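Novice: Before anything else, here's the structure in question.
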Amino acid sequence: MRASLRNKAVAVCNEKIAKKGEAVGLSFYAFFANKNDDPALLMEAAEWWIKTHELDHFEKAVKIRDLIISDI
């Protein structure tokens, strides 16, 4: 996962956790606006989420943040 996406994803996870608590779940779509303006980046996130880590559609933000940080 490229650094810009990794940084954005960690920031989104931290924001969701701060607002809704550690039990909050999200999908990789949370890292993007409601329009598909960068399909390659969306596919990169989807591949990391689905193929690399075999995650369910919704996962705990804490788990995702920790996975991203451990992949560095």
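Values in this text are rule-based calculations from the coordinates and carry no lab data. Quantities reported herein were computed from a predicted structural model and do not represent experimental measurements. When we count neighbours, we look across all protein chains shown, and the Cβ atoms used for this are built from the backbone with ideal geometry, even at glycine.
Novice: If Lys and Arg each add +1 and Asp and Glu each add -1, what is the summed charge of the other residues whose beta carbon sits under 15 Å from the beta carbon of residue 68?
Specialist: On the way: positive: 2, 6, 8, 16, 60, 63, 65; negative: 15, 44, 47, 59, 66, 71.
So the surrounding residues net to +1.
Novice: What's the local net charge at residue 48, with K and R +1, D and E -1, over the other residues with C-beta under 15 Å away? Mind dumping the intermediate values first?
Specialist: On the way: positive: 2, 6, 8, 51, 63, 65; negative: 38, 44, 47, 54, 56, 59, 66, 71.
Charge balance near residue 48 sits at -2.
Novice: Test of understanding: ordering 2, 65 by Cβ neighbours within 10 Å, fewest first, what list do you get?
Specialist: Numbers: 2 12, 65 19.
Placing the least packed residue first, the sequence is 2, 65.
Novice: Can you show me the helix-derived [θ] at 222 nm for the chain, built from DSSP H runs with n ≥ 4 at -39,500 (n - 2.57) apiece and divided by the number of residues, rounded to the nearest 500.
Specialist: -15500 deg cm²/dmol
Novice: Counting only pairs 8 or more places apart or on different chains, how many lysine pairs in the chain have C-alpha atoms closer than 22 Å?
Specialist: Count of close lysine pairs: 16.
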